[in-house]
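The structure under discussion appears below in the form of structure tokens.
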Amino acid sequence: MLSALRLVSEAADLAARRHSGQQRKGRGNEPYVNHLAEVANLLSIATEGKDAELVAASWLHDTIEDTETTHQELARTFGERVAALVVEVTDDMTLPKHERRRRQIIDAPQKSPGARLIKIADKISNIRARIVPQPNQDERDDLIDYLAWAEKVVAGCRGSNAVLDRMFDETVRAARSAL
Ligand code: ZN
């Protein structure tokens with residue numbers, strides 16, 4: 001088994017390579033890896049650096065959904081818990097977007113504690129990316145729509161980490177005042 005530092009470092013390296021060339025939606029053409037770094041850092045802060053597997057899983061949380069990466073591959077390199085966490089936060093991409101969103105709301109309370117924390121951090125990062133100066137009508141509509149959905153998902157995820165819950169609430173407040 002890899003040491004804690006090696007585990008996180010290997011996860012960051014694999015995530016950066018697998019998502020290379022991908023960009024986030026929205027303004028600025030931010031590299032996708034910025035999102036992964038933000039989610040991993042939020043989890044590191046929220047758990048005071050005590051859960052390396054959770055931080056590694058955060059780096060990898062979109063690899064199965066968005067890149068050619070499998071559960072088996074992750075399990076071999078990072079162990080079963082990391083692989084299982086990534087699978088838990090992976091949407092079924094064969095379903096239409098509205099159904100994937102609906103399932104996230106319904107499924108959230110049944111997820112493992114670690115997967116629920118990744119979900120909250122993911123939503124924080126995605127809301128932050130939608131807060132832009134002088135938003136146009138499409139950007140405002142997108143933020144309003146995303147906020148409404150993210151709050152429903154996070155309602156089923158919160159309650160186990162006060163730091164992350166507070167950061168989510170602060171992010172929602174910042175988003176509302178930016179509208
Ligand atoms: Zn994500």
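Out of Phe168, Phe78, one residue alone is under 18 Å from Ala40 (Cα atoms) and away from the ligand (no atom under 16 Å from the Cβ). It is Phe78.
Residues in segment 112-146 that are acidic (Asp, Glu) and either within 12 Å of the ligand (Cβ to nearest atom) or open to solvent by less than 50 Å² (accessible area, probe 1.4 Å) (or both): Asp122, Glu139.
With the condition kept exactly as written, say whether any residue in segment 32-45 is within 16 Å of the ligand (Cβ to nearest atom) and either assigned to a loop (DSSP other than H, G, I, E, B) or more than 14 Å from the chain's Cα centre (by Cα) (or both). The answer is no, given that none of the residues of segment 32-45 is within 16 Å of the ligand (Cβ to nearest atom) and either assigned to a loop (DSSP other than H, G, I, E, B) or more than 14 Å from the chain's Cα centre (by Cα) (or both). Could you check, for segment 9-31, whether at least one of its residues is away from the ligand (no atom under 13 Å from the Cβ) and under 23 Å from Arg116 (Cβ atoms)? The answer is yes, given that some residue of segment 9-31 is away from the ligand (no atom under 13 Å from the Cβ) and under 23 Å from Arg116 (Cβ atoms). Taking the numbered list (1) touching a residue at least 12 places away in the same chain (Cβ under 8 Å); (2) within 16 Å of the ligand (Cβ to nearest atom); (3) in a helix (DSSP H, G or I) in turn, Thr69 passes all entries but (3). Can you confirm whether segment 148-159 contains a residue that is at positive phi and in a loop (DSSP other than H, G, I, E, B)? Yes, that holds for at least one residue.
The residue pairs whose first member lies in segment 33-53 and is open to solvent by 40 Å² or more (accessible area, probe 1.4 Å), whose second member is more than 16 Å from the ligand (Cβ to nearest atom) and in a helix (DSSP H, G or I), and whose beta carbons are closer than 8 Å, counting only pairs six or more residues apart or on different chains, are Ile45/Val163; Glu53/Leu7; Glu53/Phe78; Glu53/Arg81.
The values are calculated or read from the model by the stated rules, or taken from the named source; none is laboratory data. The structure displayed is predicted, hence computed values, not measured ones. So basically every Cβ, Gly included, is an ideal-geometry build from the backbone, and we count neighbours across all protein chains shown. Areas reflect the complete protein model, heavy atoms only, side chains present, ligands, DNA and RNA absent. Shrake-Rupley method; radii C 1.70, N 1.55, O 1.52, S 1.80 Å.
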